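Participant: Structure below; questions to follow.
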Amino acid sequence: MKQSQTPDLRTLECGVALTLPDATLQVDVLEAGILRVRKFPGAEPPEKPLIRYGLFRDEWPTPKFNVETNRQGVKLTTDLLSITIKRADGALTVRDAEGKELLAEIEASASGPDPGLCTRFLLPPDRAFFGLGDQTRERIEHRGTKADLWVINVSSYIPIPFVMTNDGLGFLVNTTRRILFDLGESSKEQFGFEAKGDTLDYYILRGASPAEIIGRYTEITGKPPMPPRWAMGLWFICRTQADAREFVDDCHAFRKEGIPCDAISLEPGWMAKNYDFSITKDWHPERFPVPSYARKGRHNFLSAARRMGFKPGLWLCCDYDLSYEEERRVKQAEAQKKGEEKADGGYEQDALLMKGARRMDPGTKPDVPWFEHLKDFVDQGVEWFKQDGANQVLTHPDRLWGNGMLDDEMHNLYPLLYSKQMYLGFREHTNRRPFCFTPAGWAGLQRWTGTWTGDTGGEENTLVACLNLSLSGHGMSTCDMEVTTKEGIHFGFLLPWAQLNSWNYFRHPWYQGEELQAIFSDYAKLRYRLAPYLYSVAWEAHTSGLPMLRAMPLVFPEDRETYGLLRQYMFGPAFLVGAFTEKVYLPEGDWYDYWTSEKYAGGEWAEPRLSARKGGPLFVRAGSIIPMGQDVDYIGQKPDDELTVHVYAGASGAFTFYEDDGHTFAYENGGFRATQIRQEAKGNSLRVEMSAAKGSYAGALPQRRLEFVIHGLKSADKVDLDGRELAQGVGLHGPFWTWDNVSSTVVITLGERDASRQTVVTVSS
């Protein structure tokens, strides 16, 4: 129920605005579990760049909430939260639906921009903090620390002004300025954040779990898109000195050695001018002689790679002023809303020159978008670009950008604009799904790009960077695989995307010696068989925001033992990966050693027998369902007409097997197919149900050969298919079943099955 307005209070469609002696405090209800808090001089809030450039969501359905007022304050109530505002100073208190206090400001916040924004809250004794992106590789739980969030080469590639707690809260600050989070270092009784030169603007998120909070965070900043299906394969980056012949020889070597691989790219040596920041770059004339007649079509080295099943890529460096293109897109959007065909021209704020900033950017052509010069390379066969750190991770303290910003506001924003324009540029030019690739970012990067951990190698510290990113809503991460150790190979392949940067010959997989090459090849083949699982997990990330790589507290927040785990993670819902360790902590429940099928009880540490030989521990959670495909040299080489569904008994479980065409955007309009697979134990039997597939897409197979592999049963006496008993033993075409005493598995071979038909298998013992 909304109350009438008073001289100091305005009731808005989505919240309230309270006039204070020195500022206006505005609290908006965006959803039942999302509040936006702003404090600013004057009567109207300033527009923030993350909103202006479409990086944070700004349009929301009209929310449901109540407003109550009295002489002391104002109270807004949703189904999940209530927030009380003191009339005297604007201090906030937030409670849950049952009235329990969740958040209380110690005193009224500073609004900024001069001297800046600042807010402080009481810190409950048991509150833990997760998030903040890749700004430390020492921890994933941040209570008692300070975090200075500013993009810095190597040491702080992707700081993210987002933090969530173990008791159901999240905080996202809407700023691109350098911001300090103090999570109980200065005082054990309080936490908060502060930044110079900006007004207070932050979101309070409420969720029953960290996963739910991540979901709300990505409601604001955007869900990750579906990657092209080939991105689930192996990526290989040639050495810097490679030429066209070496490039295609590397392609040939993968096929000759029987190591599956999908993506291959070149480092800076491909350019005529090393580290060419311009938009006139071209091929190195000696290393990559590409005459005009071979620029497009079948007669260049890129086409040869594509005929072998590879997706070629190129290394890039960028110092272009991307703000001109952003302003152009803003004006185009505004013109479309007004029904105009064309927007006005440039965007200048020359008054800012009085601050001493200089335009020092002779390479930028304000009327030419950055992606424009890359279209020619895409037309020649390039499928992706590696956006190196280069100048995007460096400060430019005296630079005045084309949109009128100084570097203190643009520095953290720039990597986001770079990834956004790469993604949209490729999409608009090709109508194919992009896969962007960068080391740097800020809040919301998961909407545009995949990341690698930059110039930090492929060992333990890179894992912690990936864990912190997963706790900040970004999970499409990887590193430069450390191919010279089996531990590095194990870790590198069990990441959302797997990338080997072979900057010199010694890192090529076929030069690692017999043992390491065999391990590398085995992991590569395993990854490709897992492609149906990985792609389905990517769909889950796209729809829910839950990353593919999941730090342990993201999945097991009630188990405080997980808060300090830096050498393990969940890879989708099924796999627990241990990296650079021989021991892992198994949360409550049953677990299976993937390598041996041995069963372990959770709630304790485990040291599996074969992990050292394989490169690291790999466990599967009881109740998991894992669809797997066949051996291929690259994704799409063969029709996906064989599917093996691995079922791990011991708990009820479900999984959505997802399919689409793998490269277009038809999935955005329903062009996909989803199949629910469930398992449930009933007495002495296990029932596995694979539903009829829902939906369709161009190229969807009506039938495929289907097999179930049931792990963890002590014995099997009878197997029924759709209510009919199957014969035990080996047949020519199926259906039949066999029992393996060594691995304690039931293998049920069903033969050809219609995707539109439900399949129910029951195993009795």
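Participant: Compute the whole-percent fraction of alpha carbon pairs in the stretch 220-308 spaced more than 16 Å apart.
Facilitator: Percentage above 16 Å: 62.
Participant: If you don't mind, there's one more thing I want to ask. When the accessible area of the chain is computed with all protein chains present and a 1.4 Å probe, what percentage of it is carbon and sulfur?
Facilitator: 48 percent
Participant: Kindly write out, for the stretch 623-634 in residue order, the coupling ³J(HN,Hα) from the Karplus curve 6.51 cos²θ - 1.76 cosθ + 1.60 (θ = phi - 60°), rounded to whole Hz, with x marking Gly and Pro.
Facilitator: x, 6, 10, 10, x, 10, x, 9, 6, 9, 7, 7
Participant: Please give the calculated 222 nm ellipticity per residue for the chain, where each DSSP H segment of at least 4 residues contributes -39500 (n - 2.57) and the sum is spread over every residue; nearest 500 deg cm²/dmol?
Facilitator: The per-residue figure over the chain is -5000 deg cm²/dmol.
Participant: Listed highest first by mean packing, meaning other Cβ atoms within 10 Å per residue, what order do 641-654, 597-610 come in?
Facilitator: By packing density, highest mean first, the sequence is 641-654, 597-610.
Participant: Another question about this same structure. Leaving out ligands and nucleic acids, note down the accessible area per residue over the stretch 1-54 with a 1.4 angstrom probe, in whole Å².
Facilitator: I get 42 Å² per residue for this part.
Participant: Report the Stokes-Einstein translational diffusion coefficient (µm² s⁻¹, integer) for the stretch 43-169, Rh taken as the Kirkwood radius over Cα pairs, at 4 °C with viscosity 1.567 mPa s.
Facilitator: The calculation lands on 74 µm²/s.
Participant: Could you check the simple spin-label distance between K682 and R295, using points 7 Å along Cα→Cβ, in nm with one decimal?
Facilitator: A separation of 6.7 nm, rounded to one decimal place.
Participant: For the stretch 408-521, how big is Rg over Rh, using alpha carbon atoms and the Kirkwood form of Rh?
Facilitator: Rounded to two decimals, Rg/Rh equals 1.04.
Participant: Could you sort out which of K331/K365; K256/K638; K486/K525; K386/K525; K146/K223; K223/K420 sit more than 21 Å apart by Cα distance in this structure?
Facilitator: Long pairs (Cα-Cα over 21 Å): K386/K525; K146/K223.
Participant: Among the aspartates and glutamates, which have Cα under 20 Å from the Cα of K375 when same-chain residues fewer than 8 positions away are ignored?
Facilitator: Partners found: E267, D276, D282, D319, D321, E325, E326, D367, E383, D388, E428.
Participant: Cα-based Rg (one decimal) and Dmax (whole number) for the stretch 528-572, in Å?
Facilitator: Expressed in Å, the Cα Rg and Dmax of the stretch 528-572 come to 12.0, 34.
Participant: Let me ask something additional. For the stretch 579-715, what is the accessible area per residue in Å², given a 1.4 Å probe and the full set of protein chains?
Facilitator: Per-residue accessible area for the stretch 579-715 comes out at 44 Å².
Participant: To the nearest 20 debye, what charge dipole does the chain have about its Cα centre, counting +1 at the Cβ of each Lys and Arg and -1 at the Cβ of each Asp and Glu?
Facilitator: 940 debye
Participant: Taking amide H positions as placed in the peptide plane 1.01 Å from N, state which residues far from I152 in sequence (5 or more) or on other chains have amide H under 5 Å from it.
Facilitator: For I152, the qualifying residues are Y157.
Participant: Which whole number in µm²/s is D for the chain by Stokes-Einstein, with the Kirkwood Rh taken over Cα pairs at 20 °C and 1.002 mPa s?
Facilitator: The diffusion coefficient I find is 77 µm²/s.
Participant: Return P(r) of the stretch 393-458 (all Cα-Cα pairs; 10 Å bins starting at 0; whole %; ordered from short to long distances).
Facilitator: Histogram of Cα-Cα distances, whole percents per bin: 20, 42, 31, 7.
Participant: Taking θ as phi - 60°, what are the ³J(HN,Hα) couplings along the stretch 578-586 by the Karplus curve (6.51, -1.76, 1.60), each to the nearest whole Hz, with x for Gly and Pro?
Facilitator: The phi angles translate into x, 10, 6, 7, 9, 10, 9, 9, 9 Hz.
Participant: Mind ranking 173-185, 464-476, 213-225, 101-113 by how tightly packed they are, going by the mean number of other C-beta atoms within 10 angstrom, highest first?
Facilitator: 464-476, 213-225, 173-185, 101-113
Participant: With a 1.4 Å probe and every protein chain left in place, work out the accessible area per residue of the stretch 161-259 in Å², rounded to a whole number.
Facilitator: Normalised by residue count, the accessible surface of the stretch 161-259 is 28 Å².
The values are calculated or read from the model by the stated rules, or taken from the named source; none is laboratory data. These numbers were taken from a predicted model, which means no experiment stands behind them. Because the Cβ atoms are built from the backbone with ideal geometry, glycine has one as well, and the counts that use them run over all protein chains shown. SASA here: full protein model, heavy atoms, side chains in, ligands and nucleic acids out. Shrake-Rupley method; radii C 1.70, N 1.55, O 1.52, S 1.80 Å.
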